Amino acid sequence: MFASVVFNRPIEPLIYKLPVNDSSIRPGMRVRVPLRGSSVTGMIYKMLNNCDLKEVKPVEEVLDDIPIMDNELIELGEWMAQYYLCSIGEALWTIIPGGFIGKRIESASHIQCLAEETKKIVLTHEQRAVYDSLKGALADGRSEEFLLYGITGSGKTEVYLRIIDDVVKSGGGAILLVPEISLTPQTVNYFARRVGDELAILHSRLTKTERISEWINILTGQKRIVIGARSAVFAPLNNIGVIIIDEEHETSYKSEETPRYSAKRVALFRVKKNGAILVLGSATPSIESYHLAKLGRFKLLQLKNRVSNQSLPKTYVTDLKKTKSTEHISKTLIKEIEGRLQKREQVILFLNRRGFSPYIYCTNCGHVFKCRNCDITLTYHRKDRKLNCHYCDYSEIPPDVCPNCGSERIGYSGFGTEKVEKYLSNRFPAAVVVRMDTDTVRKRHALPDILKRFSKKEIDILIGTQIVTKGLHFPDVTLVGVLNADIPLNFPDFRSAERTFNIITQVSGRSGRSDKGGDVIIQTYNPVHYAIQTAKNQDYEEFYAREIHYRQALFYPPFCRIIRLVFRGEDSDYLFSHAQKAASFIREKNCEGITILGPTFCPISRIKRNHRIHIIIKLKELGDIRPVLRELERMMKPARGLYMEIDIDPLSML
């Protein structure tokens, strides 16, 4: 017997001889095999009775007693390899969680989630209508896709729980994806109280042992409900009944590493395979998803009102060009924070920029301190007294003199979450001010600890980056401040207006989740922009109408598909010449309805000492271009010092 074995490398499957004719050895098992002078871990992709090769190396060891993935996941890997233009090995190794490396997996501990008695929740009329639609599709046993457009606080999570409960009671499995690990603790606690030990958790903050344990529990049928971030879409569930993607508009559902898969497209593949339903939920649906709903490709379900008839918060826009501010916080916002503290209510402030100052510079000659590896300014972190690059983690001590002119006049410009935390701690010494960003939640339990303290009202003011914008439910939050709404608006990306609208709307939804009501103050230098105004009015329909007109006029998604080719290397001239050859090669193929932009330097032109040049391909359908890109890959492979990324349906142009 022989086995076709794949590796987490951009190479084709290789054939090895199995040590014995053992019928228990099957595809999906890991093996140790010799490869290029080393002993490495591979995975059996296919079993072969015969082999025409003269010399076939033997498998050294079979590492698993049972396959760690089933036939459906292997088929999914084949589809991913074809769709995202990667090797079958790269696809299959993306599916399994990190930790399955060189260890024999025989059994796993069973992580318990204890159910508790909870108050019976009565669905609103709108929730009942949505739930009945989903339940009807389940009863019919038909695969169907739904877009659940529900404003913040409208009770989407309760609908998710009801339909998941129905699926499990009928013997099926369910997956719920959330965009951020930060959302997992609250979501898990909410579900654990209702479903008990059927619940499995999959996300990157688990230890390797925990990830493997949960994977095996799911694979063996001990757990049938999976909650997690993007990679949880690969959970080895049998008989999937529903996959739910909460906050479906979030860019975190798209992988930035090979294969650059979209969890939404993977979920669509899996529900069709299982005859299941797909539910995409959001208060701010992506333009593409809402367009598909308008066309009837997705069935549109709506929740237009908050539960318990709570009103949306009152939203105000502060023009920073006309308003006095202290440390980048307007006098209006300071006064409102003061009022909330006096009433023992809580405040959330959002700023999508961590650190103390975004950059430092010489006030004498204008020299800006940049990363030596990346085309990006260094951010000053006051607590560590370091200048850090947020792309490659390079750091250095802030200099006392300018390296360019020798001046001691070093200036600190702009503000980040750390600077806001310091100012508010000084301004309100009796208040507990806590920052929640990547710097403060590095330790494993830091994030749930902060959220637990906030829920107990041990924290008065919570300052954070995008972590605070989504899914958090705290009834005593009556004020939300958006400190600089223009940051995402100024990105050189056609989705910048959409991201601005989404972020403002989502973080605004954290306010007023009780009968106390709530307010939102948006600080901006561009108060008349339609993304700001429609977010202020919580008017998604108006935003969509403005944005879809712009997308159609400029031939952007959803009216086209985009492929982005990114060329990386240390020699920019060498890189550019190969990128030009690639663009010419694609043009010569005369694919129908194709537009090629570039090559040109990426907006962030260098990361980790590698220059970056990209080509943007806009086209109606992907079919004709795939063989062309495969051929281009083979053509570019011999070029040393060059790496080409292929990103299908990219969500970032930076």
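The values are calculated or read from the model by the stated rules, or taken from the named source; none is laboratory data. What you see is a predicted model; the values in this text were computed from it and never measured. So basically every Cβ, Gly included, is an ideal-geometry build from the backbone, and we count neighbours across all protein chains shown.
Here are the numbers:
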item: Conditions (1) modelled with pLDDT under 95; (2) not in a strand (DSSP E or B); number of the one not met by residue 598; result: (2)
item: In segment 388-416, residue surrounded by the fewest Cβ atoms within 10 Å (Cβ to Cβ) [restricted to those that are hydrophobic (A, V, I, L, M, F, W, C) and assigned to a loop (DSSP other than H, G, I, E, B)]; result: 397
item: Top-ranked residue of segment 12-31 - restricted to ones that are surrounded by fewer than 17 Cβ atoms within 10 Å (Cβ to Cβ) and touching an Asp or Glu at 6+ places or on another chain (Cβ under 9 Å), ranked as farthest from residue 98 (Cα to Cα); result: 19
item: Scope segment 12-26; condition touching a residue at least 24 places away in the same chain (Cβ under 8 Å), in a loop (DSSP other than H, G, I, E, B) and β-branched (Val, Ile, Thr); matching residues; result: 25
item: Which listed residue, of 612, 587, 606, is outside the structural domain of residue 84 (by TED's automatic domain parsing) and over 24 Å from the mean Cα position of the chain (by Cα); result: 587
item: Search result, residues across segment 563-579 that are touching a Pro at 6+ places or on another chain (Cβ under 6 Å) and either closer than 17 Å to residue 624 by Cβ or in a helix (DSSP H, G or I) (or both); result: 579
item: Residue match in segment 373-391 (condition: under 26 Å from residue 509 (Cβ atoms) and either touching a strand residue (DSSP E or B) at 6+ places or on another chain (Cβ under 7 Å) or in contact (Cβ under 8 Å) with a residue 24 or more places away in the chain (or both)); result: no
item: From 444, 427, residue being touching a residue at least 24 places away in the same chain (Cβ under 8 Å), surrounded by fewer than 22 Cβ atoms within 10 Å (Cβ to Cβ) and farther than 14 Å from residue 349 by Cβ; result: 444
item: The lone exception for residue 171 - which of (1) assigned to a strand (DSSP E or B); (2) surrounded by fewer than 20 Cβ atoms within 10 Å (Cβ to Cβ) it fails; result: (1)
item: Any hit, segment 359-369, residues being modelled with pLDDT under 90 and not charged (D, E, K, R); result: yes
item: Residue match in segment 505-518 (condition: over 19 Å from residue 249 (Cα atoms), crowded, with 24+ Cβ neighbours inside 10 Å, of a type in the set (Val, Ile, Thr) and in contact (Cβ under 8 Å) with a residue 24 or more places away in the chain); result: no
item: Cβ pairs under 9 Å, 6+ apart, first in segment 554-565 and hydroxyl-bearing (Ser, Thr, Tyr), second in a strand (DSSP E or B); result: 556/562; 556/618
item: Pairs with Cβ under 7 Å, 6+ apart, first in segment 322-349 and over 14 Å from residue 511 (Cβ atoms), second acidic (Asp, Glu); result: 341/460
item: Close pairs from segment 204-222: first within 23 Å of residue 179 (Cβ to Cβ), partner small (Gly, Ala, Ser) and in a helix (DSSP H, G or I), Cβ under 6 Å, at least 6 apart; result: none
item: Answer from 626, 546, 587, 606 - the residue that is buried (at least 18 other Cβ atoms within 10 Å of the Cβ) and either of a type outside the set (Gly, Ala, Ser) or in a helix (DSSP H, G or I) (or both); result: 606
item: Output for segment 212-236, where each listed residue is closer than 26 Å to residue 468 by Cβ and outside any strand (DSSP E or B); result: 229, 230, 231, 232, 233
item: Test: residue in segment 253-261 that is assigned by TED's automatic domain parsing to the domain that holds residue 293 and part of a strand (DSSP E or B); result: yes
item: Qualifying residues in segment 519-536 (those that are over 22 Å from residue 288 (Cα atoms) and out of contact with any strand residue (DSSP E or B) (no Cβ under 7 Å at 6 or more places or on another chain)) - the one surrounded by the fewest Cβ atoms within 10 Å (Cβ to Cβ); result: 528
item: Which numbered condition residue 487 fails, given (1) closer than 29 Å to residue 497 by Cβ; (2) in contact with a strand residue (DSSP E or B) (Cβ under 6 Å, 6 or more places away or on another chain); (3) among the hydrophobic types (A, V, I, L, M, F, W, C); result: (2)
